[in-house]
Amino acid sequence: MPGPKVTANTNQLVPLLDARNLLSGRSQQCFFGLDAEALASLMVEMGEPEWRGRQLAEAMYRQRIVDVEAISVLPLALRQRLGAAGWGVGRPRISQVFASADGTERYLVEGQWDGGLTVESVWMPEGDGGEADDEGGPDLVPDAPAARGSSRATICVSSQVGCAVNCQFCLTAKLGLQRNLAAGEIAGQVVAVLDRHSVEVGRDRVNLVFMGMGEPFLNYDNFMAAVRLLVDEVGLSPRRMTVSTSGIVPGIERFSEEPPEVRPKLAISLNAPNNSVRSEVMPINRKWPIEAIIDAVRGIRLRSRERITFEYVLLSGVTDLREHAMQVARLVRRTNLPAKVNLIALNPGPGIPYEMPQPEAVEAFRIALAGEGVPAYLRRPRGRDIYAACGQLKRTVEHGKGSSTGSKS
């Protein structure tokens, strides 16, 4: 069944399914998700010096230790006391791995409380081409070899189990919204994947895209708390993070006020050339139409060489015509901001009522945008064979070859 439709009185910037309420029912108290300051306060409450909190944060977020007993910098007596009191690291764990022929991996990740729900994350070892011109370097020619291959990996992160936005071309919509993820569950996906691939933060080039299951701006507080954990405690750069929103205008307005040192880049899932088509494929457009989204985007204060990204899914005969490209170009120019368009050919799935565009239609669309002075990049489908591509995340277990993860979880 499709997810619930977003109506005029929907207000989920304050989550209806509060993760903290669900956390109160768990048997183990989790450190993961608390920053160094909160950990320091907790240590003081336990009669320990506050710098024990920094030791805990270093062990969990930098050394990626998943068991309190293994944090040898803490005195044995303290570790025993924490265990007796029911405290544990509680980092989300990868419970199942699906490997694609192209090297992409899709993960089912278990959260910080019981209930049998999992969320999906994706590792793309060479990105998908959507990161082109995102890192402050020289502009890349959209169809040049450098845009098609990359030495950097990308992790796609989820912010909710399911989604309430109900985009008609997305498999995640079929789940509806089941619950929001806590900050530690969002950041934990990233740390678990970094750990699995032995990524060295500060040396290896890794991009994060908050484009997995869910709408980040409908779980805003937990999403931004996770970003702060990843920046302050894990050591990742916000300039290598991108958050995608379907157009939650109050969320965009809040996002515009975030300090640059912790604010990811912004991507708008436009996906249609006008309000009529967009309301059909993305019912949320009836609440926040394109004009309201463009006005909100104008309030973003961009950093040097930063661009706004417009994500655009091409649906055969619905959004992939040349006249649509002309309309999209006008919308992008209306922002008066540096911007680019990432084109995504529809990734098919059961129950999706649209067809994939023809390759020549995709290329003609890109050329038409470029002719209007709008940089356009084609995001390559990664992991289609394991339902890991954009719009395909649905906690699927019957496709691809699953495996247990061993110690790297």
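The values are calculated or read from the model by the stated rules, or taken from the named source; none is laboratory data. It should be emphasised that the depicted structure is a prediction, and the values quoted were computed from it without experimental measurement. Cβ coordinates were reconstructed from backbone atoms using ideal geometry, including for glycine residues, and neighbour counts include every protein chain displayed. Accessible surface is based on the protein model in full, side chains and every heavy atom, while ligands, DNA and RNA are left aside. Shrake-Rupley method; radii C 1.70, N 1.55, O 1.52, S 1.80 Å.
Residues whose amide H lies under 5 Å from that of residue 341, counting only those 5 or more places away or on a different chain, are 310, 376, 377; hydrogens are built 1.01 Å from N in the peptide plane. Think of a 1.4 Å ball rolled over the protein heavy atoms: region 42-85 then has 55 Å² of accessible area per residue.
Whole-Hz Karplus values for region 226-234 come out as 5, 4, 5, 4, 5, 7, 6, 9, 7 Hz, taken residue by residue from phi with 6.51 cos²θ - 1.76 cosθ + 1.60 and θ = phi - 60°; glycine and proline positions read x.
Measuring with a 1.4 angstrom probe and ignoring ligands and nucleic acids, residue 197 comes out at about 60 Å² accessible. Enclosing the Cα atoms of region 224-343 in their convex hull gives a volume equal to 103 cubic angstrom per residue.
If one puts a single equal scatterer on every Cα of region 272-335 and applies the Debye formula without solvent, what log₁₀ I(q)/I(0) results at q = 0.13, 0.16, 0.26 Å⁻¹? Taken in order of the listed q values, log10 I(q)/I(0) reads -0.38, -0.57, -1.23. For region 337-345, the Karplus equation 6.51 cos²θ - 1.76 cosθ + 1.60, evaluated at θ = phi - 60°, returns couplings of 10, x, 8, 9, 10, 9, 8, 10, 5 Hz by residue, with Gly and Pro reported as x.
Between the amide H of residue 207 and those of 153, 154, 155, distances stay under 5 Å, these residues lying 5 or more places away or on another chain, with hydrogens modeled in the peptide plane. Scoring 214-226, 63-75, 238-250 by mean Cβ neighbours within 10 Å over their residues and listing the highest first yields 214-226, 238-250, 63-75. A quarter of the convex hull surface defined by the alpha-carbon atoms of region 157-220 gives 4.9 nm² as the mean projection.
Packing around the peptides 117-126, 292-301, taken as the average count of other Cβ atoms within 10 Å per residue, puts them in this order, highest first: 117-126, 292-301.
Backbone geometry of region 263-269 corresponds, through the Karplus equation with coefficients 6.51, -1.76 and 1.60 at θ = phi - 60°, to 3J(HN,Hα) couplings of 9, x, 6, 10, 10, 9, 7 Hz, x marking Gly and Pro.
Amide hydrogen proximity for residue 355: with H placed 1.01 Å from N in the peptide plane, the residues at 5 or more positions away or on another chain lying under 5 Å are 316.
Here the peptides 83-93, 40-50 are ranked by packing, the mean other Cβ count within 10 Å, and the order with the highest first is 83-93, 40-50. Restricting the calculation to Cα atoms, region 148-187 shows an Rg/Rh of 1.12 when the hydrodynamic-style radius is the Kirkwood one.
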